[in-house]
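Undergrad: Sharing a structure with you now.
The numbers here are math on the coordinates, done by the rules we state, and not lab data. Here the structure is a predicted model, which means the values were calculated and not measured. Methodologically, a virtual Cβ is constructed for each residue, glycine included, from the backbone with ideal geometry; neighbour enumeration extends over all protein chains shown.
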Amino acid sequence: MSLKIYHNPRCSKSRQTLALIREEGLEPEIIEYLITPPSEAELDHILTMLDIEPLALMRTGEAEFKEQIKGKELNRAQTIALMVSYPKVIERPIVVNGGKAAVGRPPESVLDIL
């Protein structure tokens, strides 16, 4: 798997993480996930690499989370499907490299997988 960043150019942490990767001399595939969300299978794989449940990768303050997800009893597949349908709820940035993944919060947390 090549180096990828699921990126939101309007997010300062996402921009900082991308700059940090480039400072390491690397150029990732940039996926603007609000325009091109990961597939359900891709997101499930990312969650597995991160070793977390879907809720741990969600921005719980977003209106879409409060309206579509909060308080509902959903299984993993249902939650992932909603995350793909409402990508604003996905925490960012996510960096994937060589079968490993990290969330760039703080941006330096991705250095271990580069």
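Undergrad: Place the peptides 79-90, 96-107, 27-38 in order of packing, highest mean first, counting for every residue the other Cβ atoms within 10 Å and averaging per peptide.
TA: Descending packing order for the listed peptides: 79-90, 96-107, 27-38.
Undergrad: Just tell me which aspartates and glutamates come within less than 12 Å, Cα to Cα, of Lys13; anything on the same chain fewer than 8 places away is out.
TA: Lys13 reaches Glu91, Glu108.
Undergrad: Under 5 Å between amide H atoms, partner at least 5 residues away or on a different chain: which partners does Ile69 have, H built in plane at 1.01 Å?
TA: Those qualifying (amide H under 5 Å, at least 5 residues apart or on another chain) number zero.
Undergrad: Once the other residues with Cβ under 13 Å from the Cβ of Lys4 are scored (Lys, Arg +1; Asp, Glu -1), what is the net sum?
TA: Neighbour charge sum, excluding Lys4 itself: -2.
Undergrad: If amide hydrogens are placed 1.01 Å from N in the peptide plane, which non-local residues have theirs closer than 5 Å to the one on Ile90?
TA: For Ile90, the qualifying residues are Arg59.
Undergrad: Residues of the range 50-65 with the amide nitrogen closer than 15 Å to a label point 7 Å from the Cα of Asp112, along Cα-to-Cβ, please.
TA: Taking a point 7 Å out along Cα→Cβ of Asp112, the residues of the range 50-65 whose backbone N falls under 15 Å are 50-52.
Undergrad: Fewest first, what order do Ser109, Ser2 take by the number of other Cβ atoms within 10 Å?
TA: Ser2, Ser109
Undergrad: Could you compute Rg(Cα) / (2.2 N^0.38 Å) for the range 41-108, with N its residue count?
TA: 1.08
Undergrad: Separate question: log10 I(q)/I(0), Debye, Cα-only the chain, no solvent, q = 0.15, 0.22 Å⁻¹?
TA: Evaluating at q = 0.15, 0.22 Å⁻¹ gives log10 I(q)/I(0) of -0.60, -1.24.
Undergrad: Please enumerate, by chain and number, the aspartates and glutamates with C-alpha under 16 Å from the C-alpha of Lys72, excluding those fewer than 8 residues away in the same chain.
TA: Excluding near neighbours in sequence, the set is Glu53, Glu62, Glu64.
Undergrad: Taking θ as phi - 60°, what are the ³J(HN,Hα) couplings along the range 96-109 by the Karplus curve (6.51, -1.76, 1.60), each to the nearest whole Hz, with x for Gly and Pro?
TA: With the stated coefficients, the range 96-109 comes to 10, 7, x, x, 10, 9, 8, 9, x, 9, x, x, 5, 5 Hz.
Undergrad: From the phi of every residue in the range 18-25, what ³J(HN,Hα) in whole Hz does the Karplus formula 6.51 cos²θ - 1.76 cosθ + 1.60 yield, where θ is phi - 60° and glycine or proline is x?
TA: Those phi angles translate into 4, 4, 5, 4, 5, 4, 7, x Hz.
Undergrad: Just to confirm the filter: which GluC sites (Glu not before Pro) across the range 48-114 are DSSP coil and have at most 10 other Cβ within 10 angstrom of their Cβ?
TA: Within the range 48-114, the qualifying GluC sites (Glu not before Pro) (loop, at most 10 other Cβ atoms within 10 Å) are Glu73.
Undergrad: While we're looking at this one, here's another question. Lys100 to Arg59: FRET efficiency via 1/(1 + (r/R0)^6), r the Cβ-Cβ distance, R0 25 Å, to the nearest 0.05? It would help to have the intermediate numbers written out before the result.
TA: Details: r = 22 Å, r/R0 = 0.89.
In this case the efficiency is close to 0.65.
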